[in-house]
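Asks: Please see the structure below; I have some questions.
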Amino acid sequence: MTMQTKDIYLNYVTHKTEPEKAFRGNYPEWPLIDKISNFWTVRILFGVGISCFIGILPLTGGCSCCCPFIFLWDRAWRYCQLVRA
């Protein structure tokens, strides 16, 4: 199913398939951002950046009160540190 979704997405990106009439227009289009975000290097860098943000920021004590996922990640990390000690 994931590969099918990927194929559908790539068909829209490369304009091999046009969206249904109900989904055309009335939304912002940013061709430059679409073109930049379609590079694998940008995707990998974004993934690394978001992983660092989620993995390192809770260790510094920042933003753990804003996002429940980061709060839970922080608690799990601290628990693992206690168990190892």
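Asks: Select from the range 28-51 the residues that are of a type in the set (A, V, I, L, M, F, W, C), within 16 Å of THR14 (Cβ to Cβ) and in a helix (DSSP H, G or I) and list them in ascending order.
Replies: As a first pass, look at the range 28-51 and keep what is of a type in the set (A, V, I, L, M, F, W, C): 30, 32-33, 36, 39-40, 42, 44-46, 48, 50.
Filter once more, keeping what is within 16 Å of THR14 (Cβ to Cβ): 36, 39-40.
ILE36, TRP40 - these are the residues of the range 28-51 that are of a type in the set (A, V, I, L, M, F, W, C), within 16 Å of THR14 (Cβ to Cβ) and in a helix (DSSP H, G or I).
Asks: Name the single residue, out of those in the range 43-85 being modelled with pLDDT under 70 and of a type in the set (Val, Ile, Thr), that is nearest to the chain's Cα centre (by Cα).
Replies: ILE70
Asks: I'd like the full set of residues that are part of a helix (DSSP H, G or I), surrounded by 10 or more Cβ atoms within 10 Å (Cβ to Cβ) and over 21 Å from the mean Cα position of the chain (by Cα), limited to the range 1-27.
Replies: Answer for the range 1-27, where residues must be part of a helix (DSSP H, G or I), surrounded by 10 or more Cβ atoms within 10 Å (Cβ to Cβ) and over 21 Å from the mean Cα position of the chain (by Cα): just PHE23.
Asks: Cβ-Cβ distance below 6 Å, separation of 6 or more or different chains: which pairs start in the range 1-19 with a residue that is farther than 20 Å from ILE36 by Cα and end on one that is at pLDDT 85 or above and part of a helix (DSSP H, G or I)?
Replies: Note: pairs meeting the criteria are THR17/ASN11.
The values are calculated or read from the model by the stated rules, or taken from the named source; none is laboratory data. Treat the numbers as computed from the prediction; the structure is a model and nothing was measured. Cβ: placed from backbone, ideal geometry, glycine included. Neighbour counts: every protein chain shown.
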